[in-house]
Amino acid sequence: MQESSFSGKTDTRVGVLGAGQLGKMMALAAGNWHLPLYFLDKSPDMPAVRFGAGFTEGDFQSYEDVYRFGKTVDLLTIEIEHVNIAALKQLEAEGLPIHPTPAVLEMIKDKGLQKTFYRVEALPTAPFRLYDDAAAIRAGLERGDIVLPFVQKSRSEGYDGKGVQIVRTAADLLRLMDTPSVVEQLVDIDKELAVIVARTPSGDIKAYPPVEMSFHPEANLVEFLLCPARIDASTAREASDLAIKLAQAMKITGLLAVELFLDKQGNLLINEVAPRPHNSGHHTIESCPTSQFEQHLRAILNWPLGDTSLRVPAAAMINVLGAADASGEATYEGLAEVLQTPAAAIHLYGKDTVKPFRKMGHITLTANSVAEVVEKARAIEGKLQAIAKK
Ligand code: ADP
């Protein structure tokens, strides 16, 4: 603990870019200390708005809106990465503390720069090459620089709404995205894991126990998240150590969610990171002494970090999604039944409109063993759904 750096100031005006569910849960954590959070987002109907000390209507991708908002707060953070970096750089130059820093955000937003960082730092990640467009990928294949199958990832977000595809066959090559891309070796994945780390500007650092994404046996969709992950103790330690090493190399301030692949040979590979609270840490609200949201605030304020150990033997988190055919004003089906399930905590984000598969809330389950929580998750799965009002 870095006592010397602790200001003890609990009225820092913390600005947050984005007012979605992550911002809302951050505001709920801030409420315990009466710490004022101010949000910038496009609509006053966003989930975080009614839990903040203030709200500014604007676009976090606009230079003007971000710059003007930044001038009204003491410290700035994010709940989404896709924000205007130029405005953040200007605010930083004028002395505003920004966590994560604009330089880190700029690197993370571009999957090509992110992967290059892992390579330069000699951190394990799937082998890759960078290409400018589809023609360059085809030429790379002809030269034998890459071979099928591979994974094509658009370097920056928002390409036709889908940025990742597995390319297995010659026929798949016709569907290549014509965009600057990372072309990555297809990993023979045993498990997908995530580790959330928090680091303060003074360098204090702590990791949460690894989480496992449990996939539906048939649908190949993430069914629920499980903590602790079903991996041996040495792999768990290795995953935590790797995430800590990465957060240190990036000099991250705040949270870093590190997504990892464990391949069938037992190797851990870094897939990608998010410098903010993350879906894979929602269970910490119920299952750890310090939630990821509180930890993010402690970290960016340079306060002592909280306890990240599990206080229950096992936890599972299930997203409450919009039904496949739902579109319109949201309401919930199955709420009464889930409310009666022991050790099930329901979180509804308060989104007015439901869309197919939109994240509308989540449920955290806790239990005395991993086997028991898996059984509970399977039993409850799909019971609570967001549907459109008739
Ligand atoms: P996104 O930014 O859309 O989350 P990811 O890079 O996490 O993209 O990829 C999405 C999913 O695609 C991963 O969770 C994993 O299941 C699969 N995937 C990504 N990269 C690879 C890879 N190199 N090998 C095998 N599967 C992969």
Scope the stretch 182-208; condition crowded, with 20+ Cβ neighbours inside 10 Å and in a loop (DSSP other than H, G, I, E, B); matching residues | Thr200, Tyr208
Under the condition of being open to solvent by less than 60 Å² (accessible area, probe 1.4 Å), not β-branched (Val, Ile, Thr) and not in a strand (DSSP E or B), which residue from the stretch 332-353 is farthest from Gln385 (Cα to Cα)?
-> Ala343
Filtering the stretch 108-153 down to residues that are farther than 30 Å from Leu88 by Cβ, of a type in the set (A, V, I, L, M, F, W, C) and part of a helix (DSSP H, G or I), which residue is most open to solvent (accessible area, probe 1.4 Å)?
-> Ala135
Could you please let me know if Pro277 is touching a strand residue (DSSP E or B) at 6+ places or on another chain (Cβ under 8 Å), at pLDDT 95 or above and surrounded by fewer than 18 Cβ atoms within 10 Å (Cβ to Cβ)?
-> no
For the stretch 47-65, indicate whether the set of residues that are small (Gly, Ala, Ser), at pLDDT below 95 and not in a helix (DSSP H, G or I) is non-empty.
-> no
From the list Leu76, Leu105, pick out the single residue that is open to solvent by less than 20 Å² (accessible area, probe 1.4 Å), touching a Pro at 6+ places or on another chain (Cβ under 9 Å), over 20 Å from Asp178 (Cα atoms) and not in a strand (DSSP E or B).
-> Leu105
List every residue pair whose Cβ atoms sit under 9 Å apart, with the two residues 6 or more apart in sequence or on different chains, where the first one lies in the stretch 95-118 and is within 26 Å of Gly70 (Cα to Cα) and away from the ligand (no atom under 12 Å from the Cβ) and the second, anywhere, is open to solvent by 10 Å² or more (accessible area, probe 1.4 Å) and of a type in the set (Phe, Trp, Tyr).
-> Met107/Phe117
Could you tell me whether the stretch 122-131 includes any residue that is of a type outside the set (A, V, I, L, M), within 16 Å of the ligand (Cβ to nearest atom) and out of contact with any helix residue (DSSP H, G or I) (no Cβ under 8 Å at 6 or more places or on another chain)?
-> yes
Checking Glu121, Glu94, Glu81 in turn, the sole residue that is within 27 Å of Gln61 (Cβ to Cβ) and modelled with pLDDT of 95 or more turns out to be Glu94
Filter result for the condition that a residue is surrounded by 16 or more Cβ atoms within 10 Å (Cβ to Cβ), among the small types (Gly, Ala, Ser) and either on the phi > 0 side of the Ramachandran plot or within 23 Å of the chain's Cα centre (by Cα) (or both), over Ala388, Ala377, Ala367 = Ala377
Expected output for the stretch 354-379 (first residue without any contact (Cβ under 8 Å) to a residue 40 or more places away in the chain and part of a strand (DSSP E or B), partner of a type in the set (A, V, I, L, M) and open to solvent by less than 40 Å² (accessible area, probe 1.4 Å), Cβ below 6 Å, 6+ apart or cross-chain) is Val354/Ala326; Val354/Ala330; Val354/Ala386; Val354/Ala388
Across (1) part of a loop (DSSP other than H, G, I, E, B); (2) in contact (Cβ under 8 Å) with a residue 60 or more places away in the chain, Ala29 clears everything bar (1)
Which condition breaks for Ser156 when tested against (1) surrounded by fewer than 17 Cβ atoms within 10 Å (Cβ to Cβ); (2) more than 20 Å from the chain's Cα centre (by Cα); (3) within 19 Å of Gln114 (Cα to Cα)?
-> (2)
Ala170 versus (1) more than 9 Å from the ligand (Cβ to nearest atom); (2) open to solvent by 30 Å² or more (accessible area, probe 1.4 Å); (3) touching a Pro at 6+ places or on another chain (Cβ under 7 Å): which is the lone unmet condition?
-> (3)
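The values are calculated or read from the model by the stated rules, or taken from the named source; none is laboratory data. This one's a predicted model, so the numbers in the text were calculated from it and none came from an experiment. Here the Cβ is made from the backbone with ideal geometry for all residues, glycine too, and neighbour counts use every protein chain on show. Accessible surface is based on the protein model in full, side chains and every heavy atom, while ligands, DNA and RNA are left aside. Shrake-Rupley method; radii C 1.70, N 1.55, O 1.52, S 1.80 Å.
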